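The structure appears right after this line, and notes come after that.
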Amino acid sequence: MHSSTIQQKLFGAKQIPADVIDHIYKERWLQIWVPKMYDGLGLNFTNGLKLLKSLAFIDGSLGRCQLFFAKPETRNCSRTF
């Protein structure tokens, strides 16, 4: 899913749509600092922050929700923090 598509889906949304959340999980954006040996992205601190910055640039809620998506049961991330 392209970043402009994600922006369009999130613009004015009260919640992050399920297909965007599925894309987040598919891209493993919630595993930024999880070591590769545990099937994470294994990014170092600098590259992890660059990824978070790019997510926040798409929509600030993506950068913020990355903090709350640690567990599958928290997939329903409201944009009203």
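The table that follows gives values for the structure above.
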| read-out | value |
| --- | --- |
| Residues (exposed (fewer than 10 other Cβ atoms within 10 Å of the Cβ) and of a type in the set (Lys, Arg)) located in region 1-25 | Lys14 |
| Among the residues listed as Leu55, Leu51, Leu41, Leu30, the single one being within 14 Å of Ile6 (Cα to Cα) and surrounded by 13 or more Cβ atoms within 10 Å (Cβ to Cβ) | Leu55 |
| Residue among Asp39, Asp19 that is within 14 Å of the chain's Cα centre (by Cα) and among the acidic types (Asp, Glu) | Asp19 |
| Filter result (within 11 Å of Ile58 (Cβ to Cβ) and either touching a helix residue (DSSP H, G or I) at 6+ places or on another chain (Cβ under 6 Å) or among the polar types (S, T, N, Q) (or both)) within region 1-46 | Met1, Ser3, Ser4, Thr5, Ile6, Gln7, Gln8, Lys9, Val20 |
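Bear in mind these aren't lab numbers, they're just calculated from the coordinates by the rules spelled out. Note that the structure is predicted; figures quoted are calculated from it, not measured. Glycine also receives a Cβ, built like all others from the backbone with ideal geometry; neighbour counts cover every protein chain displayed.
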